[in-house]
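Visitor: One structure, pasted below without further comment.
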Amino acid sequence: SDEMSLISGAAANQAGQQATKAKAPKAPATKPKNPLQDPEATPESLMILLSPDDTTNRRLAKHPRSSGELLEKLSHSSDESTRKGVASHPNAAPEVLIRLAQQFPQEFLTNPALDLLLMVNPALMEDMPEALLVRLLKQADCPASLLTWAAGHPQAKVQLAVAMNAKVPAQALIKLRESKHAAVRESLQTQSDSLQDQDPEKAFELAVRERLGSMGPDELEESWSSGDIGL
């Protein structure tokens, strides 16, 4: 009977240990030690990593939790890739984005914060150098929100740049037709008459010739190499 009691006690002890193991909570998943690898890192932990190392700063400029303060510091980096990352970051301050727009127009135009900037702080956009604004408006991928806003700009040169964009939205056209500048209204009428007078084949050929004529040697060579243009 003693031997049976020992066996029963050992079995009970083993069963108890297994039950304890089964009930033991799982260890929480450990977060990455490096804030650069943690998408939920705090802005403070990222600020500490600011350094002369370009590789680190490039990753900071793209981190979703980087603060406006950190991005402002990174915007003065001598490294072009770092500044380009800041120009694309939605957390960058409007003043920083405007300053970097001249260097990186594509990144500025595709920044998710651009629409908010136009709504919240349009006065800052009005302070943008006219030459830079015209350059942005002529870009093929200029967003409709910027074209629509610029259609109401007081300067005729800016409005004409909107009118010249092939993707000008209907809302912007309404503003342009009501422009106080006769040159803007006449340009819209001229374009409309030109499209009606030309058959599609000739209109396409003219557009291609104008495009080729505006391309520089480097752009032509790149387009040829990539197969975008040929004999």
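Read-outs: derived from the displayed coordinates by stated rules, not from any lab. Keep in mind the model is a prediction, meaning the values are calculated, not measured. Here the Cβ is made from the backbone with ideal geometry for all residues, glycine too, and neighbour counts use every protein chain on show.
Visitor: Please report, to one decimal in angstroms, the Kirkwood hydrodynamic radius of the stretch 103-190 built from all distinct Cα-Cα pairs.
Guide: Taking every pair of different Cα atoms in the stretch 103-190, averaging 1/r and inverting gives 13.0 Å.
Visitor: May I ask you to derive the FRET efficiency for L173 and E95 from their Cβ-Cβ distance with R0 = 22 Å, giving the value to the nearest 0.05? Don't skip to the answer; put the middle values down first.
Guide: Details: r = 31 Å, r/R0 = 1.41.
The pair L173/E95 has a calculated efficiency of 0.10.
Visitor: Using the Kirkwood radius over Cα pairs, work out the Stokes-Einstein diffusion coefficient for the stretch 69-124 at 25 °C and 0.890 mPa s, in µm²/s as a whole number.
Guide: 223
Visitor: Show me the three semi-axes of the equivalent ellipsoid for the stretch 51-173, from the C-alpha gyration tensor (sqrt of 5 times each eigenvalue), largest first, rounded to whole Å.
Guide: For the stretch 51-173, the ellipsoid semi-axes come out as 29, 13, 12 Å.
Visitor: Quick one: what are the phi-derived ³J(HN,Hα) couplings along the stretch 56-61, Karplus 6.51/-1.76/1.60 with θ = phi - 60°, whole Hz, x for glycine and proline?
Guide: Here the 3J(HN,Hα) series is 5, 5, 5, 6, 5, 5 Hz.
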